[in-house]
Amino acid sequence: MLDRISASLGFPSIGHHRRFVTAIAIDAVGGGVFMPVSMLYFLVTTDLSLVQVGAAISLASAVALPAGPFIGTLVDRYGAKHVLLAGNLLQAGGFFAYLATDSFVGLTLWTVVVTIGRTAFWGSYGNIVAAISAPGERERWFGFLGALRNVGFAVGGLASGLAITIGTPAAYYSVVVANAMSYVVAFALLLAVPPTASAGHRAVEGAWGTVLRDRPYRLLWATQLVFSLAMMVLNFAIPVYATTVLGLSGWVTGAVFTLNTLMVGFGQGLVVRGMTGARRWRVLLLTNLVFAASFVVLLGASRLSVALATAVVIAGSAVYTVGELLGGPVLGALSAEAAPDHLRGRYLSLIQLAWNLASTVAPVAFAWLLDRGATPIWWALVGLSLAGAGLTVLLGRVLPHAAREVTNRAEEPAAA
């Protein structure tokens, strides 16, 4: 039944990967419960100020940033499954510790633990997806799991809304307990996932030198960074732009997130199916052009009445989501396949570093640009997306995997 529904939406057959898929869904719901209240929790349950909470979270993110490449080495040496399990335990332990955290130092320390755990999760996630899927159908798998996590975040977000409405410390404590337990349950499910083929690899001398000298992959990394920065717009730019710059009602932001969730949840598989026969670099080129178009539409809202601006912001967000639907699965599959199997952990840790850099830079950069009015941020993002479009054209010329077509069918094994 579940496989029939999945197939109708353009997603792959889950088959014997149900435990892994279920663990990913539970992890996403837990994350969705906590993320909307991450700062509110510490404001309600401690005596820390908003500035102190924000500073502790930013400091922890900066301290944990170098963990990514180290985790990539661990993935290659010990296997992605073991690192993924360790990441779940670190996050569970960090969130349980939040229940007794009441100081700046404690908040910073345990946020470092949680952040390293999250980095371990994402640093091993792509390796496992590549291991359970066959070349040719990886866009479908990355698209499916991305959509699943998006829906999970939305479900968790609804639960967090209840905690915010109640507003008592007990309600906020329950959110943290629920998130911590989601990592425990996911850990139990992931124990049954077979280890990846890279488990037990011996250390490769000069491995990082090989990774860093790979010029085509460096170009892919730059392409990923541009995409990652664009992906921060939904969380950090659109809500502030709509409510603060345009003065729109709060429900508009909620409508934007709901629309994004519905489009990703029900449309991702269909979009991936529609890519069949297209070359990957051309899909990425279209991704950047669609992002640029959405930013122009969003800029146009600043010149309209409140009623029209509301409609245009929602329309621009829909166009923006199409860019997300196009780029995410292709970049996930491409970054995994363009890396040699025995060094995939290190290679994908660079991709994770691009995400981490984007999430570190975007909040400050977007806030600075938005403080200067409607025009600077959207023209800056249009320029960024056009630069990304240029990168994808170069990528199609130098990276053979980028020139391949999306087939959405498993490749036949090579004849002996």
Practice task
Taking ALA311 as the residue in question, decide whether it is at pLDDT 95 or above, surrounded by fewer than 16 Cβ atoms within 10 Å (Cβ to Cβ) and over 24 Å from the mean Cα position of the chain (by Cα).
Solution key: yes
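Among the residues of the stretch 107-117, is any small (Gly, Ala, Ser) and either surrounded by 23 or more Cβ atoms within 10 Å (Cβ to Cβ) or assigned to a helix (DSSP H, G or I) (or both)?
The first filter runs over the stretch 107-117 and keeps only residues small (Gly, Ala, Ser), leaving 117.
From what is left, the residues that are either surrounded by 23 or more Cβ atoms within 10 Å (Cβ to Cβ) or assigned to a helix (DSSP H, G or I) (or both) are 117.
Among the residues of the stretch 107-117, at least one is small (Gly, Ala, Ser) and either surrounded by 23 or more Cβ atoms within 10 Å (Cβ to Cβ) or assigned to a helix (DSSP H, G or I) (or both), which makes the answer yes.
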Practice task
Could you figure out which of (1) under 17 Å from MET39 (Cα atoms); (2) of a type in the set (A, V, I, L, M); (3) modelled with pLDDT under 90 isn't true of ALA134?
Solution key: (1)
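Could you please find all residues in the stretch 110-142 being among the hydroxyl-bearing types (Ser, Thr, Tyr) and closer than 16 Å to HIS16 by Cα?
Here is the first cut: in the stretch 110-142, the residues among the hydroxyl-bearing types (Ser, Thr, Tyr) are 111, 115, 119, 124-125, 133.
Once the filter is applied, which keeps residues that are among the hydroxyl-bearing types (Ser, Thr, Tyr) and closer than 16 Å to HIS16 by Cα, the stretch 110-142 yields only SER133.
Is it true that ALA416 is at pLDDT below 95 and outside the structural domain of PHE227 (by TED's automatic domain parsing)? Walk me through how you get there before you give the answer.
Details: at pLDDT below 95: yes; outside the structural domain of PHE227 (by TED's automatic domain parsing): yes.
For ALA416, the condition - at pLDDT below 95 and outside the structural domain of PHE227 (by TED's automatic domain parsing) - is met.
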Practice task
Return only the number of the condition from (1) under 20 Å from ALA336 (Cβ atoms); (2) in contact with a Gly (Cβ under 8 Å, 6 or more places away or on another chain); (3) surrounded by 22 or more Cβ atoms within 10 Å (Cβ to Cβ) that TYR78 does not satisfy.
Solution key: (3)
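What do you reckon, is ALA336 assigned to a helix (DSSP H, G or I) and within 24 Å of VAL240 (Cα to Cα)? Steps first, answer last, please.
Numbers: assigned to a helix (DSSP H, G or I): yes; within 24 Å of VAL240 (Cα to Cα): no.
Judged against the criteria, ALA336 is not a match.
Can you go through GLY94, GLY72 and tell me which one is modelled with pLDDT under 90, under 21 Å from the mean Cα position of the chain (by Cα) and not assigned by TED's automatic domain parsing to the domain that holds TRP221? Please lay out each step first, then the result.
Values: GLY94 fails: modelled with pLDDT under 90.
From the options GLY94, GLY72, the qualifying one is GLY72.
For (1) among the hydroxyl-bearing types (Ser, Thr, Tyr); (2) touching a Cys at 6+ places or on another chain (Cβ under 7 Å); (3) at positive phi; (4) buried (at least 20 other Cβ atoms within 10 Å of the Cβ), each residue gets a yes or a no:
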residue	(1), (2), (3), (4)
GLY265	no, no, no, no
ASN288	no, no, no, yes
SER294	yes, no, no, yes
ALA301	no, no, no, yes
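Please enumerate the residues belonging to the stretch 174-188 that are surrounded by fewer than 19 Cβ atoms within 10 Å (Cβ to Cβ) and within 20 Å of HIS17 (Cβ to Cβ). Can you show your working first?
Let us first name the residues in the stretch 174-188 that are surrounded by fewer than 19 Cβ atoms within 10 Å (Cβ to Cβ), namely 174, 177-178, 181, 184-185, 188.
Passing the criteria: VAL185, ALA188.
What's the total number of residues in the stretch 269-284 that are over 28 Å from VAL398 (Cα atoms) and surrounded by 20 or more Cβ atoms within 10 Å (Cβ to Cβ)? Break it down into steps so the answer makes sense when it comes.
Going through the stretch 269-284, the residues over 28 Å from VAL398 (Cα atoms) turn out to be 269-270.
Now drop any that are not surrounded by 20 or more Cβ atoms within 10 Å (Cβ to Cβ), which leaves 269.
Residues meeting the conditions: 1.
Could you run through the stretch 115-149 and say how many residues are aliphatic (A, V, I, L, M) and touching a Phe, Trp or Tyr at 6+ places or on another chain (Cβ under 6 Å)? Spell out the reasoning first.
Here is the first cut: in the stretch 115-149, the ones aliphatic (A, V, I, L, M) are 116, 120, 128-132, 134, 145, 147-148.
Now narrow it down to the ones that are touching a Phe, Trp or Tyr at 6+ places or on another chain (Cβ under 6 Å): 129.
The qualifying residues number 1.
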Fill in the blank from the handout: When the stretch 397-406 is checked residue by residue, the ones that are buried (at least 19 other Cβ atoms within 10 Å of the Cβ) and part of a helix (DSSP H, G or I) are HIS401, ALA402
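Can we say ALA56 is touching a Leu at 6+ places or on another chain (Cβ under 7 Å), free of Cβ contacts under 8 Å to residues at least 60 places away in the same chain and small (Gly, Ala, Ser)? Before you say what the answer is, go through the steps one by one.
Values: touching a Leu at 6+ places or on another chain (Cβ under 7 Å): yes; free of Cβ contacts under 8 Å to residues at least 60 places away in the same chain: yes; small (Gly, Ala, Ser): yes.
Taking the combined requirement at face value, the residue satisfies it.
Of these, VAL283, VAL264, VAL211, which one is part of a helix (DSSP H, G or I) and in contact with a Lys or Arg (Cβ under 8 Å, 6 or more places away or on another chain)? Walk me through it before giving the result.
Details: VAL283 fails: in contact with a Lys or Arg (Cβ under 8 Å, 6 or more places away or on another chain); VAL264 fails: in contact with a Lys or Arg (Cβ under 8 Å, 6 or more places away or on another chain).
Just one listed residue meets the conditions, VAL211.
Out of the residues in the stretch 95-106 that are free of Cβ contacts under 8 Å to residues at least 40 places away in the same chain and in a helix (DSSP H, G or I), which is nearest to ALA55 (Cα to Cα)? Walk me through how you get there before you give the answer.
Keep residues of the stretch 95-106 that are free of Cβ contacts under 8 Å to residues at least 40 places away in the same chain, which gives 97, 100, 105-106.
Now drop any that are not in a helix (DSSP H, G or I), which leaves 97, 105-106.
On the way: ALA97: 19, VAL105: 11, GLY106: 13 Å.
Among residues in the stretch 95-106 that are free of Cβ contacts under 8 Å to residues at least 40 places away in the same chain and in a helix (DSSP H, G or I), the one nearest to ALA55 (Cα to Cα) is VAL105.
If only one of ALA301, ALA318 is more than 22 Å from the chain's Cα centre (by Cα), assigned to a helix (DSSP H, G or I) and at pLDDT 95 or above, which one is it?
Values: ALA318 fails: more than 22 Å from the chain's Cα centre (by Cα).
Residue meeting the stated conditions: ALA301.
The values are calculated or read from the model by the stated rules, or taken from the named source; none is laboratory data. On a predicted model such as this, the values are computed, not experimentally measured, just so you know. Backbone-built Cβ (ideal geometry, glycine too); neighbour counts: all protein chains shown.
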